[in-house]
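Visitor: Mind looking over this structure? Questions follow.
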Amino acid sequence: MTGSDRHERLERTATPGPLNSMQHWPEAKRPLRIVVNFLVVWLARYSPSLRAKTWLLRRVGATVGEGVSLGLTATPDVFWPELITIEDHAIVGYDATILCHEFLQDEYRTGEVVIGEGAMIGAGAVLLPGVEVGAGAQVGANAVVTRDVPPGATVAGIPAEPVDED
């Protein structure tokens with residue numbers, strides 16, 4: 001798939017010792033901040049009100065444009081919601097996941113996720129840290145987005161690949 005490699009935009013933080021990086025999460029983010037983020041994200045996931053979802057996500061630092069629609073149980077990143085940008089009139093489908101971090105064995109990585117204006121993210125899709133979904137792009141249900149999606153493109157699958165429009 002065309003598009004920039006998300007890995008170029010990820011910030012890497014090495015973690016010490018024999019334990020995997022997830023064991024060091026309290027050093028990455030204050031535990032109280034994670035508790036607050038979790039509660040706010042949980043409320044946003046289950047709220048039937050689109051306005052409430054937008055308001056709640058903005059409280060934890062996400063940038064959410066006008067007319068954004070997040071489906072029931074759509075899950076924004078709990079650790080780094082401030083790295084999420086969802087531009088005007090985008091749709092994030094039911095049970096989609098927006099990840100801005102990944103814990104690995106010896107490091108954790110963080111990266112901004114941008115969903116462009118009018119883009120549509122299908123139900124159950126997963127966006128990995130550092131990806132950009134262009135304006136008007138479409139991500140199929142249950143796709144795993146590992147690379148940028150160009151504006152107006154349609155992608156589907158695991159990993160997400162361009163769909164032939166014919």
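Visitor: So how strong a dipole does the chain carry about its Cα centre when Lys and Arg Cβ are +1 and Asp and Glu Cβ are -1, to the nearest 20 debye?
Guide: For this selection, approximately 900 debye.
Visitor: Right, something else. Hey, can you find the accessible area per residue of the range 15-166 for me, probe 1.4 Å, expressed in square angstrom?
Guide: About 48 Å² of surface per residue is accessible.
Visitor: Relative contact order for the chain: what is it in percent, counting Cα pairs under 8 Å that are at least 6 residues apart?
Guide: Worked out over the chain, it gives 20 percent.
Visitor: Right, something else. Please work out, to two decimal places, the log10 of the ratio I(q)/I(0) at q = 0.08, 0.11, 0.12, 0.17 Å⁻¹ from a Debye calculation in which every Cα of the chain carries one identical scatterer.
Guide: -0.23, -0.43, -0.51, -0.98
Visitor: Now a separate question. The range 2-35 to the range 67-140: how many Å between their Cα centroids?
Guide: 17
Visitor: Could you tell me what percent of the accessible area of the chain is made up of carbon and sulfur, with a 1.4 Å probe and every protein chain present?
Guide: C and S atoms contribute 57 percent here.
The values are calculated or read from the model by the stated rules, or taken from the named source; none is laboratory data. Predicted model only: the values in this text are computed from it and were never measured. Because the Cβ atoms are built from the backbone with ideal geometry, glycine has one as well, and the counts that use them run over all protein chains shown. The accessibility values were calculated without ligands, DNA or RNA, using every heavy atom of the protein model including side chains. Shrake-Rupley method; radii C 1.70, N 1.55, O 1.52, S 1.80 Å.
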